[in-house]
1. What pairs come out if I take residues in the stretch 330-355 that are under 19 Å from residue 378 (Cβ atoms) and pair them with residues that are modelled with pLDDT under 95 whose C-beta lies under 8 Å away, six or more apart or interchain?
2. Of all residues being closer than 21 Å to residue 464 by Cβ and in a loop (DSSP other than H, G, I, E, B) in the stretch 567-585, which is farthest from the chain's Cα centre (by Cα)? Just the residue, please.
3. Among the numbered conditions (1) modelled with pLDDT of 95 or more; (2) more than 25 Å from the chain's Cα centre (by Cα); (3) of a type in the set (Asp, Glu), tell me where residue 173 comes up short.
4. Name the residues in the stretch 1-58 that are over 19 Å from residue 273 (Cβ atoms), surrounded by fewer than 24 Cβ atoms within 10 Å (Cβ to Cβ) and hydrophobic (A, V, I, L, M, F, W, C), would you?
5. What is the number of the single condition among (1) surrounded by fewer than 18 Cβ atoms within 10 Å (Cβ to Cβ); (2) touching a residue at least 60 places away in the same chain (Cβ under 8 Å); (3) closer than 25 Å to residue 642 by Cβ that residue 576 does not meet?
6. So is residue 589 in contact with a Phe, Trp or Tyr (Cβ under 7 Å, 6 or more places away or on another chain) and open to solvent by 10 Å² or more (accessible area, probe 1.4 Å) or not?
7. May I ask you to list the residues in the stretch 398-433 that are on the phi > 0 side of the Ramachandran plot and either out of contact with any Ser or Thr (no Cβ under 8 Å at 6 or more places or on another chain) or surrounded by 22 or more Cβ atoms within 10 Å (Cβ to Cβ) (or both)?
8. Tell me which of these residue 428 doesn't satisfy, since it passes every other one: (1) assigned to a helix (DSSP H, G or I); (2) touching a residue at least 24 places away in the same chain (Cβ under 8 Å); (3) in contact with a Lys or Arg (Cβ under 6 Å, 6 or more places away or on another chain).
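The values are calculated or read from the model by the stated rules, or taken from the named source; none is laboratory data. Model, not experiment: these values are computed from the prediction. Positions of Cβ are backbone-derived with ideal geometry, glycine not excepted, and every protein chain shown enters the neighbour counts. Note: accessible area is taken over every heavy atom of the protein model, side chains too, but ligands, DNA and RNA are not part of it. Shrake-Rupley method; radii C 1.70, N 1.55, O 1.52, S 1.80 Å.
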Amino acid sequence: MKIACLGGGPAGLYFAISMKLRDPEHDITVIERNRADDTFGWGVVLSNETLNNLAANDPISAEAIRAQFAYWDDIAVHFKNTETVSTGHGFCGIGRKKLLLLLQDRARELGVHLRFETPVEDVEALSREYDLVIGADGLNSRTRATFAEHFKPEIDMRKCKFVWLGTHQKFDDAFTFIFEETEHGWVWAHAYQFDGDTATFIVECNQATWEKFGFGDMSQQESIAVCERVFAKYLGGHALMTNANHIRGSAWISFPRVLCEKWSYRNVVLLGDAAATAHFSIGSGTKLALESAIALAEYLHTEESIAAAFGKYEDERRLQVLRLQSAARNSLEWFEDVERYFDLDPVQFNYSLLTRSQRISHENLRLRDRNWLASAEGWFQEKSGARHGTCRAPMFAPFRLRAMELKNRVVVSPMAQYKAADGMPNDWHLVHYGERAKGGAGMVTIEMTCVSPEGRISPGCTGMYAPEHELAWKRIVDFVHAETEAKICCQLGHSGAKGSTRVGWEGNDVPLPDGNWPVLSASNVPWSKDNQIPRAMTRADMNQVRDQFVTAAEMANRAGFDMLELHAAHGYLLSSFITPMMNNRTDDYGGSLENRMRYPLEVFRAVRLVWPGEKPISMRISANDWVGQQGITPQDAVEIARMLQDAGVDICDVSAGQTSIQAKPVYGRMFQTPFSDRIRNETGMATMAVGNIYEPDHVNSILLAGRADLVCLARPHLADPYWTLHAAVALGDKIEAWPKPYYQGRDQMVRLAERAEIVTPIEGA
């Protein structure tokens with residue numbers, strides 16, 4: 001096969017090597033526009049996993065590469081005049097130039113033709129000359145641009161500016177992060193050794209800081225001089241160096257996140273950064289390139305045609321690339337928004353940095369550095385008010401809101417049961433909530449309980465609008481208080497346009513076949529074409545519903561609930577005022593966000609007046625309508641939280657979506673936690689995180705990183721009412737209290753866990 005590899009970087013060279021290893025008869029030419037020893041990066045970081053993959057593919061080049069590696073185990077973080085060091089991370093680095101030269105030597109040895117200083121202007125013509133064309137020509141791929149209508153690239157230029165430098169200050173004891181506050185804002189560096197006397201030194205800052213420094217108008221040497229001044233105390237007298245002298249100006253750039261819908265067209269295929277990029281903060285760009293090169297070469301020899309090989313390459317490698325891109329996105333967004341974390345204690349800041357990509361979990365950190373994590377857990381417990389010297393996982397730290405004290409940070413989320421009749425809770429609810437309170441959670445939140453018959457979602461929804469409701473709820477609350485240490489929260493809501501529908505297992509938001517009641521909303525916007533058109537609320541309607549919330553709150557207090565939550569999310573009545581997807585009013589309750597918040601705040605203030613001062617109130621919001629700028633955005637959510645905070649709301653329950661059928665949510669583990677993180681760390685307001693949280697690791701990482709104060713789990717508690725107690729056993733925590741009649745079960749579970757005869761995974765339904 002006659003093959004052209006466009007681009008002489010790691011992707012193109014290693015693909016050529018991999019193809020020659022599989023069939024020496026291939027006629028392969030690598031075409032590179034730069035000189036053989038030109039390279040515009042400094043060091044490359046690889047993992048042991050990648051090294052093993054290289055060794056399995058080509059032991060000769062792998063050994064040559066391994067012999068040049070610098071190894072380190074620690075991560076050091078310099079922040080607020082504090083150095084925090086954790087170990088067990090296992091990195092290795094090599095100079096990019098050295099890596100390229102080794103790969104060039106191996107390619108020549110195998111008979112690959114290398115053509116340097118050869119720009120390719122016409123990729124289309126080349127594709128007619130060769131059987132196969134590999135577009136491994138990097139971020140600014142001409143191959144990708146030539147066939148853009150087929151590859152359909154999406155290029156997202158990210159917010160931070162960075163410059164890639166080097167230094168003879170080796171940083172040979174740790175992968176080092178340095179955060180420095182300057183007269184123009186914060187600037188930070190990523191530094192790591194890659195050979196015996198040189199380290200990579202990437203300097204980064206946000207756009208505003210970059211502009212205040214005037215870096216865009218500086219020469220490279222002027223820019224370097226400023227960076228040397230900012231980081232002088234870490235450089236030990238060593239200079240910073242550039243290898244991008246071919247670039248005019250300061251050489252600062254923005255990172256382009258590249259993702260292509262298709263990676264192949266006819267006999268042309270993209271590889272490495274041409275197909276997809278991963279942010280340098282997780283050091284996986286070269287890993288992706290090398291491993292994708294191996295896969296593509298393999299499939300070209302195992303599949304029956306080039307088209308079939310391309311199909312398998314895209315199907316199998318895209319999943320791996322997307323996983324790494326997801327981790328890289330989390331990481332780069334952390335750095336883009338790092339200034340929101342500068343009020344954190346250095347312990348928490350370090351933990352947040354280490355877990356930023358979600359690839360390193362809480363228990364994984366324990367495996368890496370048990371001592372450091374134990375010290376961080378002790379810090380969190382003491383900060384939470386636990387006795388000095390307490391060392392338990394963060395989920396078992398106490399939490400206080402007003403006079404309410406929770407024994408731990410786990411909350412049973414409100415989950416509709418659809419088992420009531422005429423709003424009346426019954427024995428089902430007694431057993432359901434009683435079991436989950438016995439299961440060890442710090443607080444149980446009841447399902448959205450409606451303030452009027454017309455405010456119910458379905459005929460099976462519970463209510464708080466009749467005297468018998470109050471008595472039935474009091475029976476449940478009294479049981480929880482008498483038999484458990486859990487607190488219990490009453491979530492009050494009104495269904496709005498999403499009311500008068502069937503119970504959940506008969507379909508989501510499906511209207512009743514008969515017996516429908518009229519519904520209200522902020523505007524006459526139906527939930528869907530199948531749902532009835534709601535009546536836009538008049539001032540009289542607003543007064544009536546506000547008073548219904550007040551009456552329900554008074555009943556909830558008499559029933560003994562410890563906390564109140566007002567449901568202003570998911571497109572229900574209060575939410576319908578907040579989101580522009582449902583509110584098209586032209587009066588004082590429509591238009592601006594401040595106007596749209598007016599009615600939910602009126603309801604809150606009226607409720608706060610009758611709710612005892614020692615008891616907290618939460619509000620649940622949808623922090624993202626998932627419809628872009630048409631709806632509520634995460635930035636809007638920060639402003640909403642500020643308004644709630646100013647009004648006296650104690651904690652924000654941060655959910656998202658369910659406000660429009662046009663929504664396109666991006667799901668994944670802990671997918672709504674970033675909204676909680678942003679609100680908490682930009683406003684200082686306490687938050688509760690929700691959304692696909694199902695492992696103790698998730699809970700502990702969210703808490704210790706400062707992404708939320710409480711963590712709500714829904715489906716895991718449906719599958720296992722004793723989720724928290726079982727998590728305690730899995731984590732080796734013997735302090736969490738079990739109900740006394742269950743001691744024998746606890747003891748057996750602990751014994752079996754200690755003998756490693758069982759594993760206790762905590763998974764959601």
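1. Listed by first residue and then by second, the contacts come to 354/360; 355/361.
2. 572
3. Checking residue 173 against (1) modelled with pLDDT of 95 or more; (2) more than 25 Å from the chain's Cα centre (by Cα); (3) of a type in the set (Asp, Glu), the one that fails is (1).
4. Filtering the stretch 1-58 for residues over 19 Å from residue 273 (Cβ atoms) gives 1-3, 19-29, 35-37, 48-49, 51-52, 55-58.
Those still in the list that are surrounded by fewer than 24 Cβ atoms within 10 Å (Cβ to Cβ) too: 1-3, 20-27, 29, 35-37, 48-49, 51-52, 55-58.
Scanning the stretch 1-58 gives 1, 3, 21, 36, 51, 55, 56.
5. For residue 576, the exception is condition (1).
6. Details: in contact with a Phe, Trp or Tyr (Cβ under 7 Å, 6 or more places away or on another chain): yes; open to solvent by 10 Å² or more (accessible area, probe 1.4 Å): yes.
So residue 589 fits the description; yes.
7. Those that are on the phi > 0 side of the Ramachandran plot and either out of contact with any Ser or Thr (no Cβ under 8 Å at 6 or more places or on another chain) or surrounded by 22 or more Cβ atoms within 10 Å (Cβ to Cβ) (or both): 402, 422, 423.
8. That leaves (2) as the condition not met.
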